1. Give me the pairs: first residue in region 468-483 and in the same structural domain as residue 504 (by TED's automatic domain parsing), second residue in a helix (DSSP H, G or I) and of a type in the set (Gly, Ala, Ser), beta-carbon distance under 6 Å, and six or more apart or on different chains, which are they?
2. Can you name every residue in region 297-319 that is surrounded by 23 or more Cβ atoms within 10 Å (Cβ to Cβ) and closer than 28 Å to residue 75 by Cβ?
3. Could you check residue 344 against (1) touching a residue at least 12 places away in the same chain (Cβ under 8 Å); (2) within 18 Å of residue 277 (Cα to Cα) and say which number it fails?
4. Could you list all residues from region 177-192 that are among the small types (Gly, Ala, Ser) and in contact (Cβ under 8 Å) with a residue 40 or more places away in the chain?
5. Determine whether residue 340 is surrounded by fewer than 16 Cβ atoms within 10 Å (Cβ to Cβ) and of a type in the set (Lys, Arg).
6. (1) surrounded by 13 or more Cβ atoms within 10 Å (Cβ to Cβ); (2) modelled with pLDDT under 90: which one isn't true of residue 434, the others all being true?
7. Suppose the filter is among the β-branched types (Val, Ile, Thr), at pLDDT below 90 and more than 16 Å from the chain's Cα centre (by Cα); does residue 293 pass it?
8. In the set 406, 394, 372, which member is surrounded by fewer than 16 Cβ atoms within 10 Å (Cβ to Cβ), among the aliphatic types (A, V, I, L, M) and closer than 22 Å to residue 324 by Cβ?
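The values are calculated or read from the model by the stated rules, or taken from the named source; none is laboratory data. Predicted, not measured: the structure shown is a model, and the values here were computed from it. Every residue, glycine among them, receives a Cβ derived from its backbone with ideal geometry; neighbour counts consider all protein chains shown.
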Amino acid sequence: MAVSRLSEDFLRELRDKNEISEVIGSYVNLRQRGTTMTGLCPFHNEKTPSFTVYLETQSYYCFGCGAGGDVITFVRNMDNLGYIDAVKVLAQRAGMALPEDGFDDTISKRRRRILEANREAARFFHSTLVSDKGKTCLDYFLGRGYSMATIRRFGMGYAPDEWRGLYDYLRAKGFASGELVDANLVRKSEKDGKVNYYDNFRNRAMVPIIDVRGNVVAFGGRVLDDSKPKYINTSDTLVYKKGAGVFALNLAKDSGSRSLIITEGYMDTIALHQAGFKNTIACLGTALPDEQVNLISRYADEVLLAYDSDEAGQKAVRRAIQAFERTGVKVRVLALKGGKDPDEIIKKFGPERFRMIVDGAENDIEYRLNNVRSRYNVMSDDGKIGFMREAVGVLAAIGSEIERDVYITKLSNELNIAKEAITSQVNSVRYKNRRNKEKAEFQKIQSSSFSQQGRPVPVSSIGAMKAEESLLAALARQPNVYKKFCDVLDTDLFVSDFGRAAFGAMLPFLQNGEAAELTLLSQSLEQEHLARMAGILAKDILTGNTAAVCSDCIKRLQEEKAKTDVADPSALSDEDFIKLFKKDV
């Protein structure tokens with residue numbers, strides 16, 4: 001029978017054989033700085049590196065967004081995996097065998113069954129497409145210009161116009177009804193105490209969504225006429241998260257190009273692949289969250305946005321430019337003239353025209369300036385002034401001083417405006433933006449001081465929270481000091497849920513005089529608690545004699561526990577509130 005924990009020896013070996021800088025370095029461009037390495041955080045937007053890898057503790061922490069942990073946590077978050085699945089990835093990387101009975105792999109088994117069900121569903125949809133039942137759908141695909149080779153390459157299929165066609169097929173293959181509901185292939189309804197199951201996709205042209213490992217993780221289904229809804233896609237499951245999905249990246253990553261064309265939908269992507277543009281992908285949704293941007297950034301140095309020419313498409317372009325700003329990936333925008341989308345342009349004019357559009361694509365700065373210019377008549381003085389008022393905002397956002405100077409010079413020559421005047425305005429906007437950013441960061445820090453696990457923190461506890469963090473840091477750095485204070489140290493001493501959880505996870509190791517390393521705590525602590533522990537170690541708040549620090553911290557926490565009548569901050573006057581805060585800090 002499986003148990004809930006992996007052995008400590010196994011976890012230590014896993015950590016030792018998966019050096020954290022090597023694992024993270026395959027996702028993030030890291031630079032060595034003594035015993036640490038730094039890079040741009042893959043978990044939030046930033047232009048200045050705040051993400052640090054600590055070689056000594058085999059941990060990472062981002063001072064910008066608070067993400068942190070060990071190598072297992074990193075793989076979990078980057079690849080959207082459960083704990084055991086992340087362990088499996090690292091074990092496979094290191095050539096290690098998993099213990100046969102060392103873990104509870106219930107979630108892992110559910111994920112595996114969903115993937116198996118998806119693979120069988122893809123086979124069912126494709127075989128139905130090439131059968132008599134699928135003639136209408138096959139004619140639809142062929143009518144759109146897709147060849148049979150393309151249809152086979154993308155595993156395209158047809159969901160028959162039946163309530164339980166797929167359900168009955170997969171049940172006969174041994175899948176339980178609950179597994180099919182988990183995969184979002186089947187829906188469940190209850191009426192008059194009776195449970196009914198029916199197919200999620202019916203009478204739709206089907207396209208499987210395949211991840212970079214070759215797993216079928218989801219499906220997109222399109223109607224064959226003009227009925228609504230036009231598209232139905234797989235909802236979030238244990239193996240698929242819409243915000244993290246990228247269509248055809250499994251194919252595009254092997255195109256030999258570090259430039260990726262991004263379209264709005266998978267039908268455009270399929271058309272471009274057939275036309276010879278093998279480096280095309282589609283983001284599932286136009287929001288481009290961090291997960292998608294990070295994934296794309298691993299395989300591309302440049303992206304070309306081939307979004308529709310309508311207002312919605314151009315709005316998506318602006319969002320995409322903003323999303324890629326912090327990654328270092330260059331962005332160019334295709335001007336889709338002659339058609340509303342890539343598929344229409346290729347059908348009308350052929351691949352050669354689209355190649356010309358790709359070769360003439362604007363970079364993101366040119367696109368932004370031209371977009372602003374289109375709203376003004378720059379031949380008039382008023383139009384010129386209006387254009388420049390907006391243009392300086394675009395120029396101020398350019399990080400490279402050289403690139404900024406190039407565009408300032410260009411606009412100065414084009415509009416016959418003194419370069420010094422433009423530069424002065426740009427610098428003024430840059431200064432204002434910097435001050436606003438600093439103010440926002442200060443407010444964020446100030447706010448976090450009064451918040452803990454989403455709940456208000458009594459002002460009188462802030463000093464105790466600092467003592468709590470210092471005590472945890474001391475115990476993590478010097479586990480032998482626990483013996484000196486073991487009679488007074490228990491979970492009830494700590495003031496926060498985090499402190500109690502962290503100490504509780506550390507306790508078995510401290511009692512044995514062992515270091516409570518993050519990798520050993522990773523299967524006991526929630527990810528947010530592990531990240532906070534990584535932050536405590538990263539900030540290296542421990543100073544002075546360890547035993548003395550522990551003694552002071554314990555005394556402060558004992559005082560806090562002894563308080564029985566703490567004033568409610570919300571009921572205090574502003575003057576008393578400030579006094580209370582100053583007293584504690």
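1. Filtered contacts from region 468-483: 468/499; 472/502; 481/547.
2. Matches in region 297-319: 300, 303.
3. Only one criterion is unmet by residue 344, namely (1).
4. Of the residues in region 177-192, the ones among the small types (Gly, Ala, Ser) are 177-178, 183, 189.
Answer for region 177-192, where residues must be among the small types (Gly, Ala, Ser) and in contact (Cβ under 8 Å) with a residue 40 or more places away in the chain: just 183.
5. Working: surrounded by fewer than 16 Cβ atoms within 10 Å (Cβ to Cβ): yes; of a type in the set (Lys, Arg): yes.
So residue 340 fits the description; yes.
6. (1)
7. Details: among the β-branched types (Val, Ile, Thr): yes; at pLDDT below 90: yes; more than 16 Å from the chain's Cα centre (by Cα): no.
Against the criterion (among the β-branched types (Val, Ile, Thr), at pLDDT below 90 and more than 16 Å from the chain's Cα centre (by Cα)), residue 293 does not qualify.
8. On the way: 394 fails: surrounded by fewer than 16 Cβ atoms within 10 Å (Cβ to Cβ); 372 fails: surrounded by fewer than 16 Cβ atoms within 10 Å (Cβ to Cβ).
The unique qualifying residue is 406.
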